[in-house]
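Novice: A single structure is presented below for examination.
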Amino acid sequence: MNENKTYTVDEAKRRLERYCAYQERCHKEVQQKLYEMRMIPLAIDQIIDHLLRHNFLNETRFAQAFARGKFRTKKWGRNRIVNELKMRQISKFNIKIALKEIPDSEYYKTFEALAEKRMQQLSSEKNLQKKRKKLADYLFYRGWESELVYEKIRELK
């Protein structure tokens, strides 16, 4: 993007429509993009209002897509998903709706598969304490709940 290029409100609207149509965006990303385009606050509000009214920007839809995507592709647990959504200033209400996108049965199945895969990778580690710590660190980093992680670690003999 050319640093010195200026945009009319209509040009910026069209550009942001494409930006939002390409993939779901949250308000924070859109504001950041408009800020980088050096739009004035009044224009930013006007453009965001336009995007909302024409359904290019929808925080609930963004949160749902984000939760589904990060769970399915990156195998993140609920804690990590919630924290990442909070960082994007998504409301508690929308976070709650987003978490409903992950069926419990699939959630626990994914956790088991992820833990098993990691234990296979750690099979050369002979020190049980180190093995438990490495497994726990791995699962916590991905945002899985402590009850699940500690239960899994107790299974390690």
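Novice: Which whole-Hz ³J(HN,Hα) couplings does segment 18-27 yield from phi under the Karplus relation 6.51 cos²θ - 1.76 cosθ + 1.60, θ = phi - 60°, glycine and proline marked x?
Specialist: 5, 4, 7, 6, 4, 7, 4, 10, 9, 3
Novice: What is the P(r) of segment 104-155, as percent of Cα-Cα pairs per 10 Å bin from 0?
Specialist: With a bin width of 10 Å, the distribution comes to 25, 60, 14, 1.
Novice: Okay, moving on. Filter Lys13/Lys92; Lys109/Lys157; Lys5/Lys28; Lys5/Lys92 down to the pairs with a C-alpha to C-alpha distance above 32 Å, please.
Specialist: Numbers: Lys13/Lys92 28 Å; Lys109/Lys157 21 Å; Lys5/Lys28 22 Å; Lys5/Lys92 37 Å.
Long pairs (Cα-Cα over 32 Å): Lys5/Lys92.
Novice: Oh, and also: How compact is segment 9-53 by the rule of thumb for globular proteins, expressed as Cα Rg over 2.2 N^0.38 Å? List each step's numbers first, then the result.
Specialist: Details: Rg = 9.2 Å, N = 45, 2.2 N^0.38 = 9.3 Å.
Taking the Cα Rg and dividing by 2.2 N^0.38 Å, one obtains 0.98.
Novice: Roughly how compact is segment 8-106, stated as its Cα Rg over 2.2 N^0.38 Å to two decimals?
Specialist: Taking the Cα Rg and dividing by 2.2 N^0.38 Å, one obtains 1.16.
Novice: Taking the Cα centre of the chain as the origin, how large is its charge dipole in debye, to the nearest 20, when only Lys and Arg (+1) and Asp and Glu (-1) carry charge on their Cβ atoms? Before the final figure, lay out each step's value.
Specialist: Numbers: 36 positive and 22 negative charges, 145 e Å.
Dipole magnitude for the chain comes out near 700 debye.
Novice: May I pose another question? Pop the C-beta distance of Lys5 and Arg61 into the FRET formula with R0 = 25 Å and round what comes out to the nearest 0.05. Can you show the working numbers first?
Specialist: Numbers: r = 30 Å, r/R0 = 1.20.
Calculated transfer efficiency: 0.25.
Throughout, read-outs are computed from the coordinates displayed, never taken from laboratory work. Everything numeric in this text was worked out from a predicted model, so none of it was measured. Using ideal geometry, Cβ is built from the backbone for each residue, glycine included, and neighbour counts are taken over all protein chains shown.
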